[in-house]
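The structure appears below as structure tokens.
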Amino acid sequence: MPRTASPALRAALLERAAEMLARREPVTLRALVEGTGASTMAVYTHFGGMPGLWRAVRQEGFTRLAARLGTVPASDDPVRDLAALGAAYVANALATPALYRAMFDAAAELEDPDAAAAPFDTLVDAAARAREAGRFAPDSDPEVVATRYWATGHGLILLVITGVLPAEALDAHAPAVAAALFVAAGDDEQRAARSVAAGWSLPAATA
């Protein structure tokens, strides 16, 4: 990237592109830079053109998600940690809903698929720790648990950020859904409920 490139402008262009996409507005070079004080050349400076922009939009979503999940420390209660990671995931989606939606638009390739997989790998690792700690059944598959957790959470988040459900639905339903998934994986019902309540109440849930 050229030395004249501005990280702040790059981030602003990524967020603007995601917002325009979410509003189904035509994304042209001129429309993208309008109001930013930048010229259309900024898109080439930062992304090499529109295809590079769309790849970067998707990648940025996963980069921010990974950073948010990285704020959740591991504890001696891996089920609590899974709940806390879920809360952090929700917080990230609510902070930048347009960027969150763009993350899953497979029309554009990812710049770094391995880096984009890191958030999911974090969930798998926590589920594996829960199995090793005896909280989940010995025959539970951490990747299956993580996939179900991610899929149900993603569906609920999309219903909220698209306006189908109110934001209150997240706190009303997400912890109960998480606890049910963990019980299905082999955890004790009461113990799962306590761990989820502890994890979901972390600051990451409301940040």
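The values are calculated or read from the model by the stated rules, or taken from the named source; none is laboratory data. As the structure is a computational prediction, the values presented were derived from the model and not from experiment. No Cβ is skipped: glycine too gets one built from the backbone with ideal geometry, and neighbour counts run over all protein chains shown. What goes into the accessible areas is simple: the full protein's heavy atoms, side chains included, and nothing from ligands, DNA or RNA. Shrake-Rupley method; radii C 1.70, N 1.55, O 1.52, S 1.80 Å.
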**OP:** For Ala169, state whether it is touching a helix residue (DSSP H, G or I) at 6+ places or on another chain (Cβ under 7 Å) and exposed (fewer than 15 other Cβ atoms within 10 Å of the Cβ).
**Re:** yes
**OP:** Scan the range 56-73 residue by residue and report those that are more than 13 Å from Glu15 (Cα to Cα) and either of a type in the set (Lys, Arg) or outside any helix (DSSP H, G or I) (or both).
**Re:** Arg68, Gly70, Thr71, Val72, Pro73
**OP:** Look through Arg30, Arg101 and report the one residue that is out of contact with any Phe, Trp or Tyr (no Cβ under 6 Å at 6 or more places or on another chain) and within 30 Å of Asp171 (Cβ to Cβ).
**Re:** Arg101
**OP:** Could you check, for the range 16-31, whether at least one of its residues is assigned to a helix (DSSP H, G or I), touching a residue at least 40 places away in the same chain (Cβ under 8 Å) and of a type in the set (Lys, Arg)?
**Re:** no
Subject >> Extreme residue, modelled with the highest pLDDT, among residues of the range 140-162 that are open to solvent by 60 Å² or more (accessible area, probe 1.4 Å) and in a loop (DSSP other than H, G, I, E, B) >> reply: Asp141
**OP:** Taking the residues in the range 72-82 that are in contact (Cβ under 8 Å) with a residue 60 or more places away in the chain and touching an Asp or Glu at 6+ places or on another chain (Cβ under 8 Å) as candidates, determine which candidate is surrounded by the most Cβ atoms within 10 Å (Cβ to Cβ).
**Re:** Val79
Original post:
Which of (1) of a type outside the set (Asp, Glu); (2) surrounded by fewer than 20 Cβ atoms within 10 Å (Cβ to Cβ); (3) assigned to a helix (DSSP H, G or I) does Gly35 not meet, given it meets every other one?
Top reply: (3)
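Here's a check for you: in the range 172-195, which residue that is of a type outside the set (Gly, Ala, Ser) and under 21 Å from the mean Cα position of the chain (by Cα) is surrounded by the fewest Cβ atoms within 10 Å (Cβ to Cβ)? Step through it out loud before you land on a result.
Going through the range 172-195, the residues of a type outside the set (Gly, Ala, Ser) turn out to be 173, 175, 177, 181-183, 187-191, 194.
Filter again for under 21 Å from the mean Cα position of the chain (by Cα), leaving 173, 175, 177, 181-182.
Details: His173: 15, Pro175: 20, Val177: 17, Leu181: 22, Phe182: 27.
My answer is His173.
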Subject >> Residue tally, condition more than 16 Å from Ala8 (Cα to Cα) and among the small types (Gly, Ala, Ser), over the range 26-55 >> reply: 4
